[in-house]
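First the structure, in the form of C-alpha cells, and then the observations on it.
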Amino acid sequence: MKKFKFTLESLKKYNEQILDSEKNTLGRLRAEYSDMQKALEAKELEYEQAIEKLEELMTSGTNVMRVSLHKRYIASLQQDMYRIKAEMAAKDEEIQHQLQKVVDATKEVSKIEKLEEKQIEQYKYEEQKESELFIEEFVSNGTFREN
C-alpha cells in the first residue's frame, strides 16, 4: 500500500507558522511589560529615596529654594510613575488581545491535527483491510492448489 500522506499538510504547516509567530509576538509583549515593571520599580525606589532626602533637607534646615526644587523633582517622579502605569495598562490590554490570538491559532492547529488523526485512522483501517484481503487470497490460492 502507498505511504500515508496528509492531504492538508501545507495548511497545517501554515497554521503552525502563524501560531509560532503569534507566540513570538506574545513573548515580546510580555518582555516589554516586564521591562516596564522593572522601570516602575526603579522609579518607586527613586521616589522613596527622594522622599527620605526631602525629609532630611527639611530637618536639617536648608533653604526654601532647595526644598522647592526637591519637591518638583518628587512631582516629576510621580508623573513618571503614573505614565509608566498607564503604559503598563495599555500593554496589558495588548497582551490580552495577543493571548486571544494565540488561543485562536492553537485551536486552528488542533482542528487540523484532529483531522490528520482521523485520516491516519482511516489509512490504517484500509491498510488492515487490504492485508486481510491479501491473506484471504493467499489462503484461498493455497487450498485451491492442494485440491
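Run T62 past the list (1) touching a helix residue (DSSP H, G or I) at 6+ places or on another chain (Cβ under 8 Å); (2) surrounded by 12 or more Cβ atoms within 10 Å (Cβ to Cβ); (3) β-branched (V, I, T) and report the number of the one that doesn't hold.
(1)
For every residue, the table says whether it meets (1) under 28 Å from Y14 (Cβ atoms); (2) more than 45 Å from the chain's Cα centre (by Cα); (3) in a helix (DSSP H, G or I).
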| residue | (1), (2), (3) |
| --- | --- |
| A50 | no, no, yes |
| L54 | no, no, yes |
| A90 | no, no, yes |
| H97 | yes, no, yes |
| S110 | yes, no, yes |
| L115 | yes, no, yes |
| K118 | yes, no, yes |
| L133 | no, yes, yes |
| S140 | no, yes, yes |
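Only residues in the stretch 11-37 that are more than 20 Å from M81 (Cα to Cα) and assigned to a helix (DSSP H, G or I) count as the first member; pair them with residues that are open to solvent by 40 Å² or more (accessible area, probe 1.4 Å) and of a type outside the set (D, E), Cβ under 7 angstrom, at least 6 apart or cross-chain, and list the lot.
L19/T106; E22/K101; L26/L99
Which one of the conditions (1) out of contact with any Lys or Arg (no Cβ under 8 Å at 6 or more places or on another chain); (2) assigned to a helix (DSSP H, G or I) does D80 fail to meet, given that it meets all the rest?
All conditions pass for D80, except number (1).
Spot the failing condition for I74; the list is (1) modelled with pLDDT under 95; (2) open to solvent by less than 60 Å² (accessible area, probe 1.4 Å), and only one is missed.
I74 satisfies every listed condition except (1).
Pairs please, first residue from the stretch 118-141 and on the phi < 0 side of the Ramachandran plot, second anywhere and of a type in the set (F, W, Y) and surrounded by 11 or more Cβ atoms within 10 Å (Cβ to Cβ), Cβ atoms under 7 Å, 6+ apart in sequence or on different chains.
From the stretch 118-141, the pairs are Q119/F6; I120/F4; Y123/F4.
Assess whether I74 counts as being within 30 Å of K13 (Cα to Cα) and in a helix (DSSP H, G or I).
Working: within 30 Å of K13 (Cα to Cα): no; in a helix (DSSP H, G or I): yes.
Criteria not met by I74.
Of all residues in the stretch 81-101, which are under 17 Å from Q37 (Cα atoms) and either touching a strand residue (DSSP E or B) at 6+ places or on another chain (Cβ under 7 Å) or open to solvent by less than 40 Å² (accessible area, probe 1.4 Å) (or both)?
Correct list: M81, I84, M88, K91, I95.
The values are calculated or read from the model by the stated rules, or taken from the named source; none is laboratory data. None of these values were measured; they are calculated from a predicted model. For neighbour counting, all protein chains shown are included, and Cβ atoms are generated from backbone atoms with ideal geometry for every residue, glycine included. Only protein heavy atoms, including side chains, enter the accessible area calculation; ligands, DNA and RNA are left aside. Shrake-Rupley method; radii C 1.70, N 1.55, O 1.52, S 1.80 Å.
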